[in-house]
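Beneath this line is the structure, given in C-alpha cells, with notes to follow.
The values are calculated or read from the model by the stated rules, or taken from the named source; none is laboratory data. In this text the structure is predicted, and so the values were computed from the model without any measurement. Heads up, the Cβs are rebuilt from the backbone with ideal geometry, glycines too, and the neighbour counts pull from every protein chain shown. The accessibility values were calculated without ligands, DNA or RNA, using every heavy atom of the protein model including side chains. Shrake-Rupley method; radii C 1.70, N 1.55, O 1.52, S 1.80 Å.
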Amino acid sequence: LLIGPRALRTSSESFARMAHGEMIWFNVCLLMFRPQSLFDALLRPALVNPKVTAIQFVLDESERESWVTQVVPKAEATGGAEKLREPRWVPLKQEAVSFILADTAEGTTEAHLSFWGEPFMSRTAGFDIPRFVFHVQAHSDLIPQLLELERRFRSPSAR
C-alpha cells in the first residue's frame with residue numbers, strides 16, 4: 001500500500017504502536033530524528049510500546065554521529081532506551097532501500113519500505129526525508145526478500 005505525504009506521519013506512528021517483538025530499522029537516515037517532533041512521531045512510539053522487546057538498527061558508519069547525538073539522548077529521555085541494541089555498523093552506501101520490519105499481533109511480519117532518491121525521498125535542509133513509503137503487508141512476496149536483505153548484513157563475512 002502506498003502511503004503519501006499527508007498520511008506518512010500518522011501511518012508511521014501507527015505502525016510503531018502496533019509492532020510486536022523485535023523491530024529492525026534498516027538503512028534509515030538518522031538525521032530525520034533531529035527535530036523532536038519527528039523523533040516523537042517515528043521512534044518514540046516504538047520505544048514506549050510495551051509489545052516491542054528490542055529495536056535493532058542496521059546503519060552505515062556515516063550515521064554514527066547522529067546515533068550518539070540524536071538518537072541515544074532522546075531515547076534515554078523516553079525511558080525506553082534499554083530496547084535499543086547497539087547498531088550493526090555496516091557499509092550501506094550502495095543500498096537503495098530503507099525499511100522498518102516489525103511483527104504484528106498475529107505473528108506475521110510487515111514492513112514500511114522506502115527507496116532513496118526521487119520521487120520517494122526529497123532533499124530538505126541537507127538530508128533526505130521520506131516522501132512516500134510502501135506498507136508491505138504480511139502476505140507480500142517482498143517480506144522474505146527484505147528479511148533476506150537484512151540477514152545478509154548480520155555477519156562481517158556476508159557483507
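Remarks
- Computed FRET value (nearest 0.05) for Arg85 with Arg34, which takes r as the C-beta separation and R₀ as 25 Å: 0.70
- Accessible surface of the chain [probe 1.4 Å, protein heavy atoms]: carbon and sulfur percent: 54 percent
- Using just its DSSP H runs of length 4 or more, each adding -39500 (n - 2.57), the chain gives a mean residue ellipticity at 222 nm of -7500 deg cm²/dmol after division by all residues.
- Between Thr78 and Thr10, residue separation times 0.36 nm minus the direct Cα-Cα distance comes to 22.5 nm.
- Per-residue SASA entry for Thr108, accessible area with 1.4 Å probe, Å² rounded to 10: 50 Å²
- Qualifying GluC sites (Glu not before Pro) for the range 20-114 [loop in DSSP, other Cβ within 10 Å: at most 11]: Glu106
- Loop-located trypsin sites (Lys or Arg not before Pro) in the range 43-112 whose Cβ has at most 16 other Cβ within 10 Å (DSSP): Lys51, Arg85, Lys93
- Summed over the residues of the chain and divided among them, the accessible surface reaches 51 Å² per residue at a probe radius of 1.4 Å.
- Additional length obtainable on full extension of the chain from Lys51 to His139, 0.36 nm per residue less Cα span: 29.5 nm
- Comparing Cα centroids, the range 80-111 and the range 132-147 end up 13 angstrom apart.
- Label zone (Leu2, point 7 Å along Cα-to-C-beta; backbone nitrogen cut-off 11 Å) within the range 133-148: 133-134.
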